[in-house]
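The values are calculated or read from the model by the stated rules, or taken from the named source; none is laboratory data. Please read these numbers as outputs of a predicted model, since none were measured by experiment. Cβ: placed from backbone, ideal geometry, glycine included. Neighbour counts: every protein chain shown. Please note that ligands, DNA and RNA were not included when accessible areas were found on the heavy atoms of the full protein model with its side chains. Shrake-Rupley method; radii C 1.70, N 1.55, O 1.52, S 1.80 Å.
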Amino acid sequence: MQIILASASETRLALLSAAGLQVTALPARIDEESMRAALEAEEASPLDIADALAEAKARKLAERHREALVIGCDQVLAFQRQVWGKPETPEAARRQLRALRGQTHRLLSAVVLYEAARPVWRHVGEVRLTMRDFSDDWLEGYLARNWDSVKSSVGGYKLEEEGVRLFTDVEGDYFTVLGLPLLPLLTYLGQRGFIPT
Ligand SMILES: Nc1nc2c(ncn2[C@H]2C[C@H](O)[C@@H](COP(=O)(O)OP(=O)(O)OP(=O)(O)O)O2)c(=O)[nH]1
């Protein structure tokens with residue numbers, strides 16, 4: 001069965017490909033900003049927001065590819081009752097990282113699987129990340145060196161790159177930080193016989 005990743009995320013495609021899966025990546029192109037704003041207005045939890053966005057992406061492509069297995073994903077950052085998506089500019093990343101400095105925030109990575117155009121499995125992974133009290137000067141250098149890479153990341157960092165220097169503690173699954181709860185997904189795909197075990 002064809003596996004479609006309903007995502008423009010190079011990181012997610014790289015994780016699935018490195019795990020040996022043959023996956024076709026197609027962007028779902030939903031209006032995440034307005035969906036997230038509407039859900040926040042209804043006081044949806046960060047978990048429900050990530051899950052709803054992941055499902056919307058999977059559903060959109062599953063309706064066009066009814067015979068495929070479609071994986072939809074979404075990751076949000078939760079901090080002090082706020083829910084953040086990707087910072088749009090270096091200034092937004094600077095503001096966000098200064099707010100998170102010396103604090104603990106959460107990343108929630110949701111995955112929803114559609115089979116024959118129906119949702120059959122879902123999971124949300126959560127990680128708690130604590131940032132050190134880095135200096136403004138260091139942050140300026142970090143952004144100058146890393147903005148091109150981290151502008152595609154919800155936290156303004158990539159844990160597997162220099163972004164690791166932001167942290168004193170990461171409590172949870174590495175792949176969930178990168179945006180995909182890979183291990184539960186691979187377990188389910190194996191149990192259902194979609195990938196060899
Ligand atoms: N390589 C890497 N990527 C990260 C890390 N933290 C977050 N990300 C990326 C994974 C996702 O591409 C992105 C989360 O944003 P979204 O869930 O909105 O996905 P994105 O817009 O990239 O693609 P999609 O909405 O699925 O088409 O942040 C990290 O530590 N390392």
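For segment 47-65, enumerate the residues that are under 17 Å from the mean Cα position of the chain (by Cα) and open to solvent by less than 60 Å² (accessible area, probe 1.4 Å). Scanning segment 47-65 gives 49, 50, 51, 52, 53, 54, 55, 56, 57, 58.
Is there a residue in segment 147-168 that is exposed (fewer than 13 other Cβ atoms within 10 Å of the Cβ), touching a residue at least 12 places away in the same chain (Cβ under 8 Å) and in a loop (DSSP other than H, G, I, E, B)? Among the residues of segment 147-168, at least one is exposed (fewer than 13 other Cβ atoms within 10 Å of the Cβ), touching a residue at least 12 places away in the same chain (Cβ under 8 Å) and in a loop (DSSP other than H, G, I, E, B), which makes the answer yes. For first residues located in segment 88-112 and closer than 23 Å to residue 144 by Cα and within 16 Å of the ligand (Cβ to nearest atom), partners that are assigned to a loop (DSSP other than H, G, I, E, B) and open to solvent by less than 60 Å² (accessible area, probe 1.4 Å) and lie 6+ apart or on another chain with Cβ distances below 6 Å form the pairs 93/87; 93/156; 96/87; 96/156; 97/156.
Inclusion of residue 85 among residues that are in contact with an Asp or Glu (Cβ under 7 Å, 6 or more places away or on another chain) and either closer than 17 Å to residue 154 by Cβ or open to solvent by 40 Å² or more (accessible area, probe 1.4 Å) (or both) is warranted. Taking segment 32-41 as the range and being surrounded by 18 or more Cβ atoms within 10 Å (Cβ to Cβ) and modelled with pLDDT of 95 or more as the test, only 39 passes. Against the list (1) within 26 Å of residue 187 (Cα to Cα); (2) more than 12 Å from the chain's Cα centre (by Cα), the condition residue 145 fails is (1). Of the helices (runs of 4 or more DSSP H) entirely within segment 7-67, those holding at least 2 residues that are more than 19 Å from residue 181 (Cβ to Cβ) and out of contact with any strand residue (DSSP E or B) (no Cβ under 9 Å at 6 or more places or on another chain) occupy 32-41.
Residues in segment 89-100: is at least one part of a loop (DSSP other than H, G, I, E, B), surrounded by fewer than 15 Cβ atoms within 10 Å (Cβ to Cβ) and not acidic (Asp, Glu)? Taking every residue of segment 89-100 in turn, at least one turns out to be part of a loop (DSSP other than H, G, I, E, B), surrounded by fewer than 15 Cβ atoms within 10 Å (Cβ to Cβ) and not acidic (Asp, Glu). Count of segment 152-165 residues, restricted to those that are more than 10 Å from the ligand (Cβ to nearest atom) and either within 13 Å of residue 93 (Cα to Cα) or among the acidic types (Asp, Glu) (or both), is 1. Checking 68, 28, 44 one by one, the residue that is surrounded by 13 or more Cβ atoms within 10 Å (Cβ to Cβ), under 24 Å from residue 117 (Cβ atoms), away from the ligand (no atom under 14 Å from the Cβ) and among the small types (Gly, Ala, Ser) is 68 and no other.
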